[in-house]
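In what follows, a single structure is set out as structure tokens and then discussed.
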Amino acid sequence: MKARLILNADDFGLTPGINRAVERLHRARALTSATLMAAGPAFDDAVAIARRNPTLGVGCHLVFTDGVPVSHPESIPSLLGADGKTFRPSSVDFLQALLRGTISEGEIALEAQAQIQKLQRAGIDVTHIDSHKHTHLFAAVARPVLYIAERCGVRAFRYPSEPHWSRQLATSTPLARRAAQTALDLFEPRFRALVDLTCDEITTHGTLGIAATGTLNASILRAMIEAIQLRPPVPGNPEQGRVYELCCHPGFNDADLNRLRTRLRRTREIEMNALIEVIPEISQNPEAPELIHYGDLGVPGLQRASGQFTPNSGFEKVL
């Protein structure tokens, strides 16, 4: 059976230029999914795009660092930086606080609920969750996040670990990013154990493109898609193909983006052009992976396909 592939753009709602790239790619059949930032400056514009493109899967891009909370700051003090109004400015600061045990899991749950339900109240059928800087890889974040997501009716989530065969294709990954990925690998076994023991949510067999963030181009993308076709079926179930997500960051490098604090600028247009060049062409190959989004997976996927799925409204009592 063929592999299946989710093409997901992060940072939906960050700028109108990123939103415009998401819509352009989806209409070109080069993108199937995007994760929306609940407190993104271009949130309303992203919601409008999602509504006029109902075949685009839309997840929630949970933000706990380098951003603005949806909850009132007084209700989540352990998540905030020195100004008492915004999150800690870097993932390193966040991780240090997490390891010191000064971040409240209850406050993570509260903010996760606020972000997911903001999307739902805007009329979005939230297909899955992932997180800015992959912070839900840490067990102290994953526990409350997965619990809240399920209570909000969202059962699918990103598995924030990249297979080694995919990492090796990202030949130009900066040394600092490789070192960071190696450090994150130390937390992956605990995350996997938590997923196996405490929840029956839906995920993939890995996320591609993490190591290539900031360097993803047409050559690397083509090599990844071709490599997927060679992956063996699921062990013990030869009739079931593997499911992967490709995490990408397309967008237009415009004035709106330049006003924000982000290291991904020029590369966003490179990724956008790579997706437009490679995906429609490779999709013509009968052996190419089937392109889906998270909302197509599992029982919820069958329910959506038959018109029997009713997404949460965002007004449900969760905590």
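Among the residues of segment 77-99 satisfying the criterion of being assigned to a loop (DSSP other than H, G, I, E, B) and in contact with a Ser or Thr (Cβ under 8 Å, 6 or more places away or on another chain), which is surrounded by the most Cβ atoms within 10 Å (Cβ to Cβ)?
Residue satisfying both the conditions and the ranking: 88.
Pull up segment 255-297, narrow it to residues that are touching a residue at least 24 places away in the same chain (Cβ under 8 Å) and among the small types (Gly, Ala, Ser), then point me to the one that is farthest from residue 311 (Cα to Cα).
Going through the qualifying residues, I end up with 274.
Every residue in segment 22-41 that is of a type in the set (Gly, Ala, Ser), over 19 Å from residue 129 (Cα atoms) and within 18 Å of the chain's Cα centre (by Cα), please.
30
Within segment 47-66, is even one residue of a type in the set (Val, Ile, Thr) and under 21 Å from residue 150 (Cβ atoms)?
Yes, the conditions are met somewhere in segment 47-66.
Could you tell me which of the residues 240, 308, 303 is surrounded by fewer than 17 Cβ atoms within 10 Å (Cβ to Cβ) and in contact with a Pro (Cβ under 7 Å, 6 or more places away or on another chain)?
The match here is 240.
Just for segment 117-157: of the residues that are over 14 Å from residue 314 (Cα atoms) and basic (Lys, Arg), which one is surrounded by the fewest Cβ atoms within 10 Å (Cβ to Cβ)? Don't jump to the end; show me each part of the working.
Within segment 117-157, the subset over 14 Å from residue 314 (Cα atoms) is 128-147, 155-157.
Then keep just the ones that are basic (Lys, Arg); that gives 133, 143, 155.
Details: 133: 20, 143: 17, 155: 22.
For segment 117-157, the residue satisfying everything is 143.
Hey, any hits in segment 237-244 for a residue that's outside any helix (DSSP H, G or I), touching a Gly at 6+ places or on another chain (Cβ under 8 Å) and either more than 24 Å from residue 43 (Cα to Cα) or modelled with pLDDT of 95 or more (or both)?
Looking through segment 237-244, at least one residue is outside any helix (DSSP H, G or I), touching a Gly at 6+ places or on another chain (Cβ under 8 Å) and either more than 24 Å from residue 43 (Cα to Cα) or modelled with pLDDT of 95 or more (or both).
Yes or no, residue by residue, for (1) without any contact (Cβ under 8 Å) to a residue 60 or more places away in the chain; (2) within 26 Å of residue 208 (Cβ to Cβ); (3) charged (D, E, K, R):
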position: 92; (1), (2), (3): yes, yes, no
position: 102; (1), (2), (3): yes, no, no
position: 105; (1), (2), (3): yes, no, yes
position: 109; (1), (2), (3): no, no, no
position: 117; (1), (2), (3): no, no, no
position: 124; (1), (2), (3): no, yes, no
position: 130; (1), (2), (3): no, yes, yes
position: 136; (1), (2), (3): no, yes, no
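I need the full set of residues from segment 116-147 which are outside any helix (DSSP H, G or I) and farther than 27 Å from residue 51 by Cα, in order please.
Of everything in segment 116-147, just one residue is outside any helix (DSSP H, G or I) and farther than 27 Å from residue 51 by Cα, namely 138.
In this structure, does residue 213 turn out to be modelled with pLDDT of 90 or more and under 18 Å from the mean Cα position of the chain (by Cα)?
So residue 213 passes the test.
The values are calculated or read from the model by the stated rules, or taken from the named source; none is laboratory data. The shown structure was predicted, so the numbers you read here are calculated from the model rather than taken from an experiment. Positions of Cβ are generated from backbone atoms using ideal geometry, with glycine treated the same way; all protein chains shown enter the neighbour counts.
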